[in-house]
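The values are calculated or read from the model by the stated rules, or taken from the named source; none is laboratory data. Not measured: the values here are computed from a predicted model. Note that we place each Cβ from the backbone using ideal geometry, even for glycine, and neighbour counts take in every protein chain shown.
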Amino acid sequence: MSDTPPAGGPAPRIRLVDVAREAGLSKTTVSAALNGTGRMSEDVRRRAREAARRLGYRPNATARLLRAGHARLIGYAVGEFAADGGSYLGSPYFARLTSATAAAALERGYALVLLPAGCGPEEWADLPLDAAIVADPVDHDPLIEDFLAARVPLFTDRSVEGRPGAHWVDVDAEAAVREVLDHLHGQGARRVALLSPGTATRFHRAVTDTYLRWCAGHGLTPRQAYTDGPGDGPVLAAVDALLTGPGDPPDALFVLAEAGPPLVLDAVRRAGLAVPEQLLLVCASEEPSAEHTRPPVSTLSMAPAAVAVKGIELLIAALESGSRESTGALVPTRLEIRASSLRPPRRAR
């Protein structure tokens, strides 16, 4: 009987012994080389890997996972988008956070399973998740409570600090906001407005508290507004309302709600204000377009890649040690000061 499969049928599975024969090595040596274990020269390890690549060999993942006792899958959801029908991948911040998290996990041999925002245990309970990630959870987020109740190790923000099985990475919201406000004040701004997302997260609450304390400490009247949802549209509408409302317009604007810096700059101009001559502007943004506008827009980066890498490091360390002790870390933000928030020098008469 021929070993050739019928036309259109599956190709015969390449076995480890086939790779060993191709490489001229023992089956044991090839197995160790492909798993990154054993003591051998780099030349031998390379021969094994090249032979496996030529033949199209793939290890039996199911058997390996059964032997290891876990599936190496991590559930991933974004709490902030639970009440909104849009996709968080449309946000440059969440897109970068998600891709960096997936890359960091895969580097350690784990894969992300993207979960719908606001999903419940009935949707993920049958998945063999080793751990879970809830990015930017809302206050009293049910996703967090469900995962912890099921004893699924969790990585999220600082709201879970000290809870067994919970690991957190966050940015220092107070330090980040004060850095922006102090910069604007140092440039002569005295009517500094803050535009925040209208979502109830620990980070946004901390930002508001810091802004109000900063205004009180400088004897300034707070000028704060909120968006009515995520995305460029609600942010631009809120910018327009802030700048065209009654009374003197702000002389500085810190847009914490995420929107494209070129769009924010256009909205300011439509309101009849020149940047930076009449209004200093800083946007919380991960978009590279900010440095290519006229003028280039100052941005505050929330360091999504650093958050992702550190969070995966803490989560997998706990998975591999079996520890239920809560761990956490703060990562620094980065303020890129550009022309939009620098008061131009006065021209000599």
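Quick notes on this one:
- Helices (runs of 4 or more DSSP H) fully within the stretch 138-231 counting 3 or more residues that are in contact with a Gly (Cβ under 8 Å, 6 or more places away or on another chain) and not assigned by TED's automatic domain parsing to the domain that holds L263: 142-149
Yes/no matrix, rows are residues, columns are (1) aliphatic (A, V, I, L, M); (2) in contact (Cβ under 8 Å) with a residue 60 or more places away in the chain:
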site	(1), (2)
A175	yes, yes
A189	yes, yes
T201	no, yes
T208	no, no
T227	no, no
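- Evaluation of L243 against (1) touching a strand residue (DSSP E or B) at 6+ places or on another chain (Cβ under 7 Å); (2) surrounded by fewer than 23 Cβ atoms within 10 Å (Cβ to Cβ) (one fails), failing number: (1)
- For the stretch 33-78, residues that are within 30 Å of the chain's Cα centre (by Cα), of a type in the set (A, V, I, L, M, F, W, C) and either buried (at least 17 other Cβ atoms within 10 Å of the Cβ) or at pLDDT 85 or above (or both) total 5.
- Matching residues in the stretch 100-110 - criterion: being in a helix (DSSP H, G or I) and in contact with a Leu (Cβ under 9 Å, 6 or more places away or on another chain): T101, A102, A105, L106
- Checking each residue in the stretch 295-328 for being at pLDDT below 95 and over 22 Å from R158 (Cβ atoms) picks out E320, G322.
- Conditions (1) touching a residue at least 60 places away in the same chain (Cβ under 8 Å); (2) within 28 Å of the chain's Cα centre (by Cα); (3) more than 25 Å from A100 (Cα to Cα): number failed by A237: (1)
- Restricting V282, V264 to residues that are touching a residue at least 24 places away in the same chain (Cβ under 8 Å), of a type outside the set (F, W, Y) and out of contact with any Phe, Trp or Tyr (no Cβ under 6 Å at 6 or more places or on another chain) narrows the list to V264.
- The set of residues in the stretch 166-199 being surrounded by 20 or more Cβ atoms within 10 Å (Cβ to Cβ) and over 23 Å from A257 (Cα atoms) consists of A166, H167.
- Single condition D84 does not satisfy, out of (1) surrounded by fewer than 19 Cβ atoms within 10 Å (Cβ to Cβ); (2) modelled with pLDDT of 90 or more; (3) not in a helix (DSSP H, G or I); (4) not aromatic (F, W, Y): (2)
- Checking each residue in the stretch 246-271 for being over 22 Å from Y88 (Cα atoms) and either among the basic types (K, R) or at pLDDT below 95 (or both) picks out P246, G247, D248, P249, R269, R270.
- Qualifying residues in the stretch 294-336 (those that are touching a helix residue (DSSP H, G or I) at 6+ places or on another chain (Cβ under 6 Å) and of a type in the set (S, T, N, Q)) - the one surrounded by the fewest Cβ atoms within 10 Å (Cβ to Cβ): T327
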